[in-house]
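Beneath this line is the structure, given in structure tokens, with notes to follow.
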Amino acid sequence: MDRAYVPDASPYATLIALARSGTRAALATVVAADGSTPQVPGASAVFTAGGLAGGTVGGGVGEARVEDLARRAVAAGVSRLKTLDLGYDPSAESEAICGGRLRVLVDARPERHASVFIRMMDDIRRRRPGALVTWIGRARPTREARGGLAQKGRAGGTSSRELRGADIRRFWLPAGGRRIFPAGLPLSEFESVIRTAARATVPGFFEGVGGALYVEPHAPLPRLIIAGAGHVGRAAAHLGRLLNFEVIIIDDRAEFANAARFPEAARIVVADAARALRRLPLGPDSYVVIVTRGHRGDEDALRACIRRKAAYLGMIGSARKVGLLRERFLEKRWCSAADWARVRTPIGLPIGSKTVEEIAVSIAAELVAVRSGNSRAYGAGRSTLRSGRGA
């Protein structure tokens, strides 16, 4: 199934924590997909001997099959590149009807690349994009792996051909930064791919004569800036973090804007919303949700950012309030008609939302539609909130 690729660094954070604790784990990554599949290339999950530890490669039966591969990889110490056919099996009632195929890389020793993951995470925290590049070659099983294979063979399980190992090397290519390549790798046939890897926007899997190369772009999470720490802001922040946004909360009330109420927030700014918005950098990766405690607060916050080029600018309110504000903004020449047309107000997709939670869902759905480039299919956002406030 088609869906947008959203970089997720959380499996790598899980791996770093497991490596520091000495817990063995495997990293499973979808490197290619064909047909209708539950996940897109770039989806990753971490498995220990006890099962899933973080991330996802789609859930359901497909993920169960990947988990089985990962557990065996942990036990044998052998990495694999495996194609999974997700065609429907009528004999298995629980089987998902997908019909596609996934190419999954299972890294049995991801802790060897912990320094690469740490460097990648550090750059992302500094809002520096780049690409995680993985070279995949053939490797002979280790002594530990041969022992595991022998036991599997005696038990009538997986054959040695199925567990033929993959040699995995990883390196991080920061956009515009210093490139550090592992020594001794036959990368010449991938020279053009590597040259443009740091500017990639979607993952790519490239097969060559001496091996394969998987390029996984990573960029800082888009910022969800919520002006207003009331009920709607709190619910929207929770959903925004689940949807892989970096959440920033702005409110001048410390009793509302605090870590206890917003544990998912990367940053909390206790200040006047309009003043704080003027200071914050806004760009193509900024999503602004205005849900302050009053109409004046909404107006001031909107005025602070309406001429700036955020990816998304939404404001809560009734249709009557929106009409009055539009007239005021145009009359005062605070914005042009084109500027106002960019504002999603009344905020959210028209799903018939009435409760705080439903309004937050409508906002979250609109954020995803804009991020994935599908917002035109839904038209202008319309929430059924009439006179309720964000606080």
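Just so it is clear, none of the values below were taken in a lab; they were calculated from the coordinates. On a predicted model such as this, the values are computed, not experimentally measured, just so you know. Backbone-built Cβ (ideal geometry, glycine too); neighbour counts: all protein chains shown.
What FRET efficiency comes out for the pair ARG24/PHE181, r = Cβ-Cβ distance, R0 = 41 Å, nearest 0.05?
Efficiency computed from Cβ-Cβ geometry: 0.90.
Which part of segment 170-194 falls in the paramagnetic zone of ASN244, meaning amide N under 20 Å from the point 7 Å along Cα-to-beta-carbon?
Within reach of a label on ASN244, which here means backbone N under 20 Å from a point 7 Å along Cα→Cβ, segment 170-194 contributes 171-175.
Excluding same-chain residues fewer than 8 positions from LYS82, which aspartates and glutamates have a Cα within less than 17 Å of its Cα?
Here the aspartates and glutamates satisfying the reach criterion relative to LYS82 are ASP34, GLU63, GLU67, ASP68, ASP107, GLU162, ASP167, GLU207.
Extension gain ARG199-ASP68, at 0.36 nm per residue separation less the Cα-Cα distance, in nm?
Between ARG199 and ASP68, full extension yields an extra 43.7 nm.
Quick check on segment 223-377: take the gyration tensor over C-alpha atoms, sort the square-rooted eigenvalues as a ≥ b ≥ c, and tell me if it's rounded (a/c under 1.5), prolate or oblate.
rounded
Full extension from TRP334 to ARG308: what is 0.36 nm times the residue separation minus their Cα-Cα distance, to one decimal in nm?
Using 0.36 nm per residue and subtracting the Cα-Cα distance, I get 8.2 nm.
Quick check on packing: order 296-307, 347-358 by the mean number of other C-beta atoms within 10 Å, highest mean leading.
296-307, 347-358
Post the alpha-carbon centroid distance, segment 233-283 to segment 291-338, in whole angstrom.
19 Å
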